[in-house]
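Accompanying notes for the structure given below.
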Amino acid sequence: MDSFYLPDNDGIIRFPENSIVELACPGNSLLLNKTRSPQSVISVKCSNDAFTVNRSIYPFSAFKCTKSAEGTIRFTGNYCGSGRREIEIGYQLPNRFIRHILICFDDVLKTTFYTVHKLSKRINASQKNVSRVHWMKGEGFDDLNIIELYKSATTQSVLNSLVGLSKSSEKYISRAHQKYLAKGHLAPKADFIYGAQQTLTFYYANAVPQWQVFNNGNWLAIERSVRDYASSKQFDLEVYTGTYQVQSLPHEFTHERIYLYLSNGKVPVPRLLWKVLYNRANQTGIALIGGNDPYFAETTTICRDISHQCTWVTWNRCNVSSGCGYCCEVNDFRKTVRSLPKFKV
């Protein structure tokens, strides 16, 4: 995000006079007055509400890409947590990589433990009504048909098999009541300002199985409250979003952990999802936790509940089907969720 000129709170992008700006079309060509440029990136100078290229002056509308920019998802070669691998999502330019989402991925369980992205205080000026794109497979799932695993018929069959029900049973899976497993964003689409950033959130590595009633309930309420908080307080935030433990459902006298891929116990359904907000400028933070289980009310918390201090979160906090939630101090939360990266709070 730091690589972009951001709009003011009124939604207008203002370039400083005489500033040099790079215009890029990753993965395709740049058009200048409908003429294809041999380069995908050009540098322009902003002056008098116009842009200069090789001493010729053009309005901003003269610059276009031949098609939408192509994002890149790749392993960084670095490790995170206990032997997990880092994945980054962003745009590859000829001279550098612009990262928008960092992912800590478990290549054995085929699941993401956490993501990291930046949320701008100017988020209310973001592009609206940007079309959702199809989910993209990308890194991490080369040996797994992740697209098939998320299909409704597949998740219903797998879950029912785990708990000893017939394949067609609707005891747990019911689309009519939003009780089905969906692709739940970790770094949400609406946390990014530009459409070119928002489309990068649709890689499977940026999703985990979420019950839709939770995804569209208290989890959505948390995401909206976080954006409203960043905008109202004018804070730029680092947002860490992750998972904790595996959900289980009853099977006769036992409980079965839920996975989308049964053969090897891969793509687990998280028991909890969490979001840690960090304001690096003043080294403050908060942890928000939600229960990804519409059938079980959490009676214990993984850290001391300080929800009375989170009055800015607008949610139906103790509604079981929407996912019960609570807040904790970051350092207290870290005692249990040790995968959270280190930073001073």
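Every read-out reported here was derived from the displayed coordinates using simple, explicitly stated rules and does not represent laboratory data. Keep in mind that this is a model prediction, so the values were computed, not measured. Cβ: placed from backbone, ideal geometry, glycine included. Neighbour counts: every protein chain shown.
For K67, the lysines whose Cα comes closer than 19 Å to its Cα, not counting residues fewer than 8 places off in the same chain, are K34.
List the relative contact order of the chain as a percent without decimals, with contacts defined as Cα pairs under 8 Å and 6+ residues apart.
On the way: 705 pairs, mean separation 46.6, N = 345.
Result for the chain is 13 percent.
Straight Cα distances below 18 angstrom link K128 to the aspartates and glutamates D8, D10, D191, E223, D228, with same-chain residues fewer than 8 positions distant left out. Rounded to the nearest whole Hz, the Karplus-based 3J(HN,Hα) values (6.51 cos²θ - 1.76 cosθ + 1.60, θ = phi - 60°) of region 174-182 follow the sequence 8, 5, 4, 10, 6, 9, 8, 8, 10, with x at glycine and proline.
With each label modelled as a point 7 angstrom along the Cα→C-beta vector, the N9-F296 pair spans 4.4 nm.
Sorting the segments 272-279, 53-60, 85-92 by their mean number of nearby beta carbons within 10 angstrom, highest to lowest, gives 272-279, 85-92, 53-60.
When each of the peptides 280-293, 4-17 is scored by the mean number of other C-beta atoms lying within 10 Å of its residues, the order from highest to lowest reads 280-293, 4-17.
In square nanometres, what is the average projected area of the Cα convex hull of region 1-88? Could the numbers behind the result be given before it?
Numbers: hull surface 32.8 nm².
Computing the convex hull of the Cα atoms and averaging its projections yields 8.2 nm².
For V246, the shell of other residues with beta-carbons less than 15 Å away shows a net charge of 0, using +1 for Lys and Arg and -1 for Asp and Glu. Under the simplified labelling scheme, the L262-R96 pair shows an inter-label distance of 5.0 nm, with each label point 7 Å from Cα along Cα→Cβ. When the Cα centres of region 29-79 and region 235-306 are compared, how far apart do they sit, in Å? So the two Cα centres are separated by 41 Å.
In order along region 302-315, the Karplus-derived 3J(HN,Hα) couplings, from 6.51 cos²θ - 1.76 cosθ + 1.60 at θ = phi - 60°, round to 8, 7, 5, 6, 10, 4, 5, 8, 9, 5, 7, 8, 9, 8 Hz, and Gly and Pro are given as x. Averaging the Cα positions of each part gives two centres, and for region 104-127 and region 327-345 these lie 17 Å apart.
Taking the average, over residues, of other Cβ atoms within 10 Å as the packing measure, peptides 100-111, 330-341 rank 100-111, 330-341 from highest down. Mind jotting down a quarter of the surface of the convex hull over the alpha carbons of the chain, in square nanometres, one decimal? Average of the hull's projected areas for the chain equals 19.4 nm².
Explain nothing, just the number: relative contact order of region 104-258, from Cα pairs under 8 Å at least 6 residues apart, as a whole percent. Each step should come with its number before you reach the end.
Details: 226 pairs, mean separation 56.6, N = 155.
Reported as a whole number, the value is 36 percent.
In this structure the amide hydrogen of T284, modeled in the peptide plane, comes within under 5 Å of the amide hydrogens of N279, none closer than 5 places in sequence on its chain. Its convex hull of Cα atoms gives region 280-345 a direction-averaged projected area, equal to a quarter of the hull surface, of 5.0 nm². The number of Lys pairs in region 190-345 with C-alpha atoms less than 24 Å apart, excluding pairs fewer than 8 positions apart on the same chain, is 7. Rounded to the nearest 20, the Cβ-based charge dipole of the chain about its Cα centre (Lys and Arg +1, Asp and Glu -1) stands at 380 debye. Taking a sphere under 13 Å around the Cβ of F343 and counting the other residues whose Cβ falls inside, with K and R at +1 and D and E at -1, yields a net charge of +3.
The angle separating the long axis of helix 218-233 from the principal Cα axis of greatest extent in the chain is about 40 degrees.
Can you tell me the orientation of helix 152-162 relative to the chain, as the angle in degrees between its alpha-carbon axis and the longest Cα principal axis, to the nearest 10? Taking the Cα atoms of the chain, the angle to 152-162 is about 30 degrees.
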